[in-house]
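Visitor: I'd like to ask some things about the structure below.
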Amino acid sequence: MSRTSLSRFLIEQQREAGALPPDLRHLIETIARACKAISHSVNKGALAGILGEAGTGNVQGEAQKKLDVIANDVLLEANEWGGNLAAMASEEMELPYSIPDGLPRGRYLLLFDPLDGSSNIDVNISVGTIFSVLECPESVTGHPTEADFLQPGTRQVAAGYTVYGPQTMLVLTFGNGVYGFTLDREQGGFVLTHPQMKVPAATGEFAINMSNMRHWEAPVKRYVDELLAGKTGPLNKDYNMRWVASMVAEVHRILTRGGIFMYPKDARDPAKPGKLRLMYEGNPMAFIVEQAGGMATNGHTRIMEIEPAGLHERVAVFLGSREEVERVTAYHRG
Ligand code: P6P
């Protein structure tokens with residue numbers, strides 16, 4: 001059975017659904033090519049001498065893995081000359097990277113976490129690339145600034161992730177559903193394997209780092225206690241738990257079989273609203289999950305409605321099966 005390639009799918013979306021402008025299609029194809037290159041490096045691991053620390057730190061104050069830096073460079077180099085972008089922003093870079101003068105500049109802003117979950121690389125657990133696409137404000141005539149990126153997630157025109165696991169899969173949305181593509185290494189390209197991915201409204205599975213329990217706020221403690229009580233408690237249902245410590249892997253599992261993923265604010269740093277980053281983790285994953293019929297809040301409001309104040313600002317995340325996200329959000333609202 002001949003499968004639909006990513007390129008054919010995108011051209012058909014552009015032609016038939018009118019959902020995809022040509023320059024956005026080109027951008028997504030460029031990102032997919034970059035993710036193929038990252039997949040190749042991730043899969044080689046020790047054979048290429050690219051595991052372990054890079055000996056540098058990022059703007060988050062985190063030690064960078066060699067593959068963090070490699071993935072970031074691959075995405076910058078792949079997208080610099082394409083003519084679809086005005087600028088790029090990355091978890092690994094303090095300031096945005098504006099397309100240099102002399103190179104063609106486009107109307108999109110690309111934000112990415114080049115290798116999310118990179119602490120898992122050295123222990124051979126799935127990691128991923130997360131990306132979000134915004135439009136550069138029409139008022140911008142020269143080089144975009146950080147302020148031009150500070151748009152709510154509802155303004156995203158596309159979002160996606162690539163999970164480097166037993167299979168390498170690209171999952172994306174541009175506002176008319178969620179589509180999953182598996183990398184066919186024999187053909188050398190992504191092929192459509194999961195059309196119209198949906199998050200089941202109900203679930204029996206939750207994901208949270210339980211070691212942080214003593215730091216959670218009361219609504220989260222109440223909710224997780226009820227999950228743990230199972231049939232003996234008010235939810236009258238037994239739940240299972242997963243924690244991969246790789247957001248891309250958790251979200252992919254939720255898109256495949258349902259679940260709720262939580263990284264709440266905790267008392268260790270009251271000034272921080274959470275660990276995960278709004279612009280290139282929270283927003284793209286929220287766009288994908290909502291397009292698949294799920295829900296994504298920070299405990300109080302839709303993640304995609306948050307007005308960002310900084311490129312690297314953090315956010316609490318509750319996303320996945322609607323019934324559970326609604327429940328824990330209701331507990332926050334009191
Ligand atoms: P913890 C990876 O570092 C990450 O940003 C997400 O991918 C993941 O869900 C979370 O942090 C894991 O955090 O505190 O369990 O190591």
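The values are calculated or read from the model by the stated rules, or taken from the named source; none is laboratory data. Just so it is clear, the model here is predicted, and its values are computed rather than measured. Heads up, the Cβs are rebuilt from the backbone with ideal geometry, glycines too, and the neighbour counts pull from every protein chain shown. With ligands, DNA and RNA removed, areas are computed over all heavy atoms of the protein, side chains included. Shrake-Rupley method; radii C 1.70, N 1.55, O 1.52, S 1.80 Å.
Visitor: Please give the per residue accessible area of the chain, computed with a probe of 1.4 Å over protein heavy atoms only, in Å². Mind dumping the intermediate values first?
Guide: On the way: 13750 Å² over 334 residues.
I get 41 Å² per residue for this part.
Visitor: Residue by residue through region 162-167, which ³J(HN,Hα) values in whole Hz follow from phi under the Karplus form 6.51 cos²θ - 1.76 cosθ + 1.60 (θ = phi - 60°), with glycine and proline marked x?
Guide: 10, 9, 9, x, x, 10
Visitor: Under a 5 Å amide H to amide H cut-off, with H placed in plane at 1.01 Å, what residues pair with VAL127 once short-range neighbours are removed?
Guide: Correct list: TYR164.
Visitor: Report the antiparallel proportion of the DSSP beta bridges in region 6-196 as a percent, rounded to a multiple of 5. It would help to have the intermediate numbers written out before the result.
Guide: Working: 33 of 38 bridges.
Bridges in region 6-196 that DSSP calls antiparallel: roughly 85 percent.
Visitor: In the chain, what percentage of the DSSP-assigned beta bridges are antiparallel, given to the nearest 5?
Guide: Values: 45 of 54 bridges.
Of all bridge pairs located within the chain, approximately 85 percent are antiparallel.
Visitor: Along Cα→Cβ, 7 Å out, is where each label goes; now give me the distance between the ones at THR193 and LYS237 in nm to one decimal.
Guide: Each label point is offset 7 Å from its Cα along the Cβ direction, giving 2.8 nm.
Visitor: Also, quick follow-up: Is the shape of region 6-196 rounded, prolate or oblate, going by the alpha carbon gyration tensor and its root eigenvalues a ≥ b ≥ c, with a/c under 1.5 for rounded and a/b larger than b/c for prolate?
Guide: Numbers: a/c = 1.88, a/b = 1.13, b/c = 1.66.
Since a/c reaches 1.5 but b/c is at least a/b, the shape of region 6-196 is classed as oblate.
Visitor: If you average the alpha carbon positions of region 72-108 and of region 171-230, how far apart do those two centres end up, in angstrom?
Guide: Taking the Cα centre of each part, region 72-108 and region 171-230 sit 29 Å apart.
Visitor: Test of the criteria: in region 14-112, which chymotrypsin sites (Phe, Trp or Tyr not before Pro) are in a DSSP loop and have at most 15 other Cβ atoms within 10 angstrom of their Cβ? Don't skip to the end; give the middle numbers.
Guide: Working: sites: TRP81, TYR97, TYR108, PHE112; in loops: TRP81.
Those that pass, being in a loop and sparsely packed, are TRP81.
Visitor: Follow-up question, since we're still on this one. If you count the DSSP beta bridges with both ends in region 205-332, what percent of them are antiparallel, to the nearest 5?
Guide: 75
Visitor: Top mean-square fluctuation among ALA158, ALA89, ALA54, Gaussian network model of the chain, C-alpha springs under 10 Å?
Guide: ALA54
Visitor: Right, next: Given the rule -39500 (n - 2.57) for each run of at least 4 DSSP H residues, summed and divided by the residues of the chain, what is its mean residue ellipticity at 222 nm, to the nearest 500 deg cm²/dmol? If you can, show how the numbers build up before the last one.
Guide: On the way: 8 runs with 93 residues, N = 334.
Helix contribution divided over all residues of the chain: -8500 deg cm²/dmol.
Visitor: With a cap of 15 neighbouring Cβ atoms within 10 Å, and only residues DSSP puts in a loop, list the GluC sites (Glu not before Pro) found in region 57-108.
Guide: Here the GluC sites (Glu not before Pro) that fit, given the DSSP loop and packing criteria, are GLU62, GLU94.
Visitor: Under a straight-distance cross-link criterion of Cα-Cα below 19 Å, which aspartates and glutamates are reachable from LYS221, leaving out those fewer than 8 residues away in the same chain?
Guide: LYS221 reaches GLU205, ASP238, ASP266, ASP269, GLU323, GLU324, GLU326.
Visitor: While we're on this one: Roughly to the nearest percent, how much of the accessible area of region 6-196 is carbon and sulfur, given a 1.4 Å probe?
Guide: 51
Visitor: If you plug each phi of region 52-60 into the Karplus form 6.51 cos²θ - 1.76 cosθ + 1.60 with θ = phi - 60°, what whole-Hz ³J(HN,Hα) values come out, in order, with x for Gly and Pro?
Guide: Each residue's phi maps through the Karplus curve to give x, 7, 7, x, 10, x, 9, 5, 7 Hz.
Visitor: Could you work out which residue, out of THR56, THR154, THR173, moves most in a Gaussian network model of the chain, that is, has the largest mean-square fluctuation with Cα springs under 10 Å?
Guide: THR56
Visitor: Carbon-plus-sulfur fraction of the accessible area of region 205-332, 1.4 Å probe, in percent? Walk me through the numbers on the way to the answer.
Guide: Numbers: 2420 of 4800 Å².
Within region 205-332, the accessible surface is 50 percent carbon and sulfur.
Visitor: Quick one, could you list the DSSP H helices from the chain stretching 18 Å or more along their long axis (Cα atoms) with average Kyte-Doolittle hydropathy of -0.5 or above?
Guide: Values: long enough: 22-44 (34 Å, -0.19); 66-80 (21 Å, 0.20).
Answer set is 22-44, 66-80.
Visitor: Also: List the residues, sorted by chain then number, that are 5 or more residues from LYS65 or on another chain and whose placed amide H is less than 5 Å from its amide H.
Guide: Result for LYS65 returns ALA54.
Visitor: Check each of the trypsin sites (Lys or Arg not before Pro) in region 260-334 and keep only those in coil by DSSP with at most 10 other C-beta atoms within 10 angstrom; list them in order.
Guide: Details: sites: LYS265, ARG268, LYS275, ARG277, ARG302, ARG314, ARG322, ARG327, ARG333; in loops: LYS265, ARG268, LYS275.
Those that pass, being in a loop and sparsely packed, are ARG268.
Visitor: Run the reach check for LYS44 against lysines, Cα to Cα strictly under 30 Å, same-chain hits fewer than 8 apart removed. What comes back?
Guide: LYS36, LYS65, LYS66, LYS275
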